[in-house]
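Q: Below you'll find the structure I mean.
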Amino acid sequence: MSDTPTLSEIIFNIIGRGLYHTLLLTALGLLIGFILGISLALMRLYGAKELAWFSSGYEKLFRGIPLIVLIYVFAFGLPDILWYIDPLELRLGSVVLALSLRSAAYQSQIFRGAILSVNPGQMEAARALGMKGSQAVRHVVMPQALRLAVPSWSNEYSVVIKDSSFASAIGIIEMTQAAYFVSVNFRELWALTYLVLAVLYFLFTYPVTRIFGERQSKKLKKLGMGGG
Amino acid sequence: MQVLKGVSFELGEGEVKVVFGPSGSGKSTLLRCINMLSPPDKGEVYLRGQNIKAPEVNINEMRARIGMVFQHFNLFAHLKAIDNVSIGLRRVKGFPKEEAREKALEVLDSVKMDEWADRYPAELSGGQQQRVGIARALAMDPDVILFDEPTSALDPELIGEVLQVMLDLAKSGTTMIVVTHEMGFAKAVASEMIFLGEGVIIERGTPEHFFISPKSERVQNFLQQLDVLYGSHEKLLK
Amino acid sequence: MIIQDRPNPIGELLIVLEYWDHIFAGFLLTMWLYVWALMMGFFLGLILANLRQYGGWFLSRISTGYIEFIRGTPLLAQLFFIYFLPSSLNIPVGDWKIETSFIILNKDITIILLDYRTLAGLLALGLNSAAYQAEYFRGAIISVGTGQLMAAQSIGMSRIAGIRHIVLPQALRRVIPAWSNEAAYLPKYTVVVYFIGVKDLFSQAHRTVAFTFISLTTYVLIAIIFLVTITLISKGLDILHKKTMIPGL
């Protein structure tokens, strides 16, 4: 490209070259974070003392470290030890790992809160029917907890997709890096390019948090869920 | 949605009007129209001959002359009882700190809450909080005090102390409009009772009129129901 | 699987710590940015929350739009936008700086308190934090309840006086737990200024790695510094909260 890119060219470039990795990183980060996060929540709520303690410590650890530092620990720290793995694969893996571990810490808190807000009467009623503790959790508490967690979880999705922008620091071509490339030679367009980038992220976050956020909270309250 | 569909009455100095009726009839809305917290779309409110809805009128000054006591007390949670009572004097009427405090103590004393002056609302029972609420309104020396179901949110054993304060106020000549279902109170001090239903006045008259020979069957039924619920409260009044 | 033969972690740590003066300078700058961003976020956030809750149709929407946009877009993009804005508009930014230096243990520690980059970073962090703080404040204002403002007006206070003397004092107390959260974790977000060349803690770590070739230990050290700082701030705010509690609030 030797001519100044037009607005639509900027948009198409960012989406075309970057969207794939942005969504990939986000999806993997959220998914692994979900599995790990729910496990941590259950550990902390229903597990033995040591498990609960571990879960609590995990949360504190991964909430207290900046994501970019975490990414660098994995992207540059690990090759030190695991020198035989191809750095390119390692980079993608580092970001996914960093995003997942961080997200797990926050999702753990989300699900813990959601489980705790399920009306305690639900658990009582389930056990009165003769269900074992684990059955009650699986069939009565968790389904409700997952619904209650939707607003906070939609927020977490928003956080992770925004955080995926840090992958640009280690050369992964997601949206932010794509934005850099499209106008790198046209200094006067940089501010505009990043504004466009911001708007594109916004299109992926706002509709989701709007639909699944506060509105959902109010709907849930009307159904009588939560508030336990 | 139209709540009030045509309500009009006058209130004389020292009068106590009791407004009652089924829920949704517009009783709370009526009070909030009077002190302009919810200005009426149509109609006027006059305080001592002055139209308080007029644009040139300073509504805050008018509100300072109309007191209100709320069903859920609405005490300022971050202030001690004494400060709840004195804040209006200091910030609205411009009293100096010491004078405001003195007067606040006097008023708290009149509702028998002077010992609790330095407590926070969360440390007080419902009945105590409501008495502070009454003191807060009283301290402003209002021309009239509006009571919005002042005892509805109270546990039964706490209702008596608040009703007693209200009784004493009424007997000492305070002008009051009271929305309540406490018929014992009405019987004792109301100069007129107004039955509000679906946004209009269905019947009005003296307590004797209502308790001896009410005109509409609707009012009769309502009073019977109230008696079932609140009849025993007469014993709470000395 | 062969793990590379290398000096032990303690040995590595000692090498890295030889650069303690730069790391410390980075830490100071990070803290400097943090405090200013937090304060800016506090005042602007409070204004935004009040505008959103009590402002008229127009101001309320502007405030909401700002809050939602900032919260829905990455801090990195916001930072780049602010940083490159003057050059895109052909406004010269000049080559100026305000710095301070002092000597500790025979080492000269200099930090740039303000220059164009630092200013851009500060603005981005402050404007960003304001949007998040605004939501905490708004939640607290709503939790105070409408009855309080009604009661204030019923004794003759104007709406503004009621907001100022009755609603906000309560809201500010109620917001402390959530606000402490934001205050404790904000240092984490200041690292973003690394991307525009500000010499914060993370930049200095990066630089140290360039000199020592010891990456894992360095980054882990930095991570620990952040962790400890955040934990201390968090506990400190907790203690403050307990000391200023009012019954029922």
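Values quoted throughout were computed directly from the atomic coordinates according to the rules given, and no laboratory measurement underlies them. These numbers were taken from a predicted model, which means no experiment stands behind them. When we count neighbours, we look across all protein chains shown, and the Cβ atoms used for this are built from the backbone with ideal geometry, even at glycine.
Q: Among the listed pairs B:17/B:93; C:97/C:199; A:60/C:235; A:162/C:199; C:107/C:188, which are separated by more than 19 Å between their Cα atoms?
A: As for pairs spanning more than 19 Å Cα to Cα, those are B:17/B:93; A:162/C:199; C:107/C:188.
Q: Still on this structure, I have one more. How high is the relative contact order of region B:26-105? Use alpha-carbon pairs under 8 Å, at least six apart in sequence, and give a whole percent.
A: Rounded, it is 17 percent for region B:26-105.
Q: May I ask which residue of C:54, C:94, C:40 lies farthest towards the positive end of the charge dipole of region C:1-97, with charges of +1 (Lys, Arg) and -1 (Asp, Glu) on Cβ and the Cα centre as origin?
A: Farthest along the dipole direction, towards plus: C:54.
Q: While we're here: Residue B:97: which lysines have alpha carbons under 26 Å from its alpha carbon, excluding same-chain residues fewer than 8 sequence positions away?
A: Hits, sequence-local ones excluded: B:80, B:112.
Q: Right, something else. Averaged across C:192-200, how many Cβ atoms of other chains sit within 10 Å of each residue's Cβ atom?
A: 2
Q: Report, as an integer, the average count of C-beta atoms from other chains found within 10 Å of each Cβ along C:157-166.
A: 4
Q: For chain A, build the charge dipole from Cβ charges (+1 Lys, Arg; -1 Asp, Glu) around the Cα centre, then report which of A:109, A:175, A:135 sits farthest towards its positive end.
A: Checking the options against the dipole of chain A, the answer is A:135.
Q: Students often check this: by mean Cβ neighbours within 10 Å, which of A:144-150, A:172-178 ranks highest, and how do the rest follow?
A: Highest-to-lowest ranking by the protection proxy: A:172-178, A:144-150.
Q: Would you pull out the residues with amide H under 5 Å of residue B:45's amide H, same chain only if 5 or more places away, H placed 1.01 Å from N?
A: B:52, B:53
Q: Give the residues of region C:144-173 whose amide nitrogen is closer than 17 Å to a point set 7 Å from the Cα of residue B:61 in the direction of its Cβ.
A: Taking a point 7 Å out along Cα→Cβ of residue B:61, the residues of region C:144-173 whose backbone N falls under 17 Å are C:155-159.
Q: Taking H placed 1.01 Å from N in the peptide plane, check which residues at least 5 places from residue B:19 or on another chain put their amide H under 5 Å from its amide H.
A: B:178, B:179, B:180, B:194
Q: Moving to a separate point now. Pick out, in residue order, every one of the chymotrypsin sites (Phe, Trp or Tyr not before Pro) in region C:181-249 that is DSSP loop and has at most 13 other C-beta atoms within 10 Å; say none if there are none.
A: For chymotrypsin sites (Phe, Trp or Tyr not before Pro) across region C:181-249 that sit outside H, G, I, E and B with at most 13 neighbouring Cβ atoms in 10 Å, the list reads C:213.
Q: Find the centroid of the Cα atoms in region A:166-197 and in region C:16-87, then give the distance between the two in whole Å.
A: Rounded to whole Å, the Cα centres lie 21 Å apart.
Q: Here is a follow-up. Taking the highest mean first, how do the peptides A:53-62, B:51-60 order by number of other beta carbon atoms within 10 angstrom per residue?
A: Taking the mean over residues of other Cβ atoms within 10 Å, the ranking is A:53-62, B:51-60.
Q: Oh, and also: What is the Cα centroid distance between region B:30-56 and region C:195-249, reported in whole angstrom?
A: 58 Å
Q: If I model a spin label as a point 7 Å beyond the Cα along the Cα-Cβ vector, how far apart are those points for residue C:17 and residue B:41 in nm?
A: Once both label points are built, they end up 7.6 nm from each other.
Q: Which whole-Hz ³J(HN,Hα) couplings does region C:149-161 yield from phi under the Karplus relation 6.51 cos²θ - 1.76 cosθ + 1.60, θ = phi - 60°, glycine and proline marked x?
A: Working through the residues one at a time gives 5, 4, 5, 4, 5, 5, 9, x, 6, 6, 4, 5, 5 Hz.
Q: Right, here's the next one. Grab the Cα-Cα distance for residue A:35 and residue A:208, subtract it from 0.36 nm times how many residues apart they are, and report the gain in nm with one decimal.
A: The span from residue A:35 to residue A:208 would gain 60.2 nm if fully extended.
Q: Right, another one. Could you run the Karplus curve 6.51 cos²θ - 1.76 cosθ + 1.60 with θ = phi - 60° over region A:168-180 and give me ³J(HN,Hα) per residue in whole Hz, x for Gly and Pro?
A: Each residue's phi maps through the Karplus curve to give 5, 5, 10, x, 6, 8, 9, 4, 5, 5, 4, 4, 4 Hz.
Q: For n ≥ 4 DSSP H runs only, could you compute -39500 (n - 2.57) per run for the protein assembly as shown, divide by its residues and tell me the 222 nm figure to the nearest 500?
A: Using -39500 (n - 2.57) per qualifying helix, the result is -19500 deg cm²/dmol.
Q: Okay, next question. So if R0 is 25 Å, what FRET efficiency would residue A:6 and residue C:64 give, r being the distance between their Cβ atoms, rounded to the nearest 0.05?
A: In this case the efficiency is close to 0.20.
Q: Whose amide H sits under 5 Å from the amide H of residue B:69, counting only residues 5 or more places off or on another chain, with H placed in the peptide plane?
A: B:146, B:147, B:148
Q: Determine which aspartates and glutamates satisfy two conditions relative to residue A:222: a Cα distance under 19 Å, and not lying fewer than 8 residues away in the same chain.
A: A:214
Q: Take peptide A:187-197, look around each residue's Cβ out to 10 angstrom, count Cβ atoms belonging to other protein chains, and average those counts.
A: 6
Q: With r defined as the distance between the Cβ atoms of residue B:109 and residue A:124 and R0 fixed at 45 Å, what FRET efficiency is calculated, to the nearest 0.05?
A: Taking R0 as 45 Å, the efficiency between residue B:109 and residue A:124 is 0.40.
Q: Can you work out the FRET efficiency for the pair residue A:186 and residue C:114, with r the C-beta to C-beta distance and R0 = 35 Å, to the nearest 0.05?
A: So the FRET efficiency works out to roughly 0.75.
Q: Continuing with the same structure: How big is the charge dipole of chain A about its Cα centre, in debye rounded to the nearest 20, if each Lys and Arg gets +1 on its Cβ and each Asp and Glu gets -1 on its Cβ?
A: Dipole about the Cα centre, nearest 20: 1280 debye.
Q: Ordered by residue, what ³J(HN,Hα) values in Hz, to whole numbers, does region B:24-38 give under the Karplus form 6.51 cos²θ - 1.76 cosθ + 1.60, where θ = phi - 60° and Gly and Pro are x?
A: x, 7, x, 5, 5, 4, 4, 4, 5, 6, 5, 9, 6, 6, 9
Q: Report the antiparallel proportion of the DSSP beta bridges in region B:126-238 as a percent, rounded to a multiple of 5.
A: 55 percent
Q: Kindly rank A:92-105, B:6-19, B:101-114 from highest to lowest mean number of other beta carbons found within 10 Å of each residue.
A: Descending mean neighbour count gives A:92-105, B:101-114, B:6-19.
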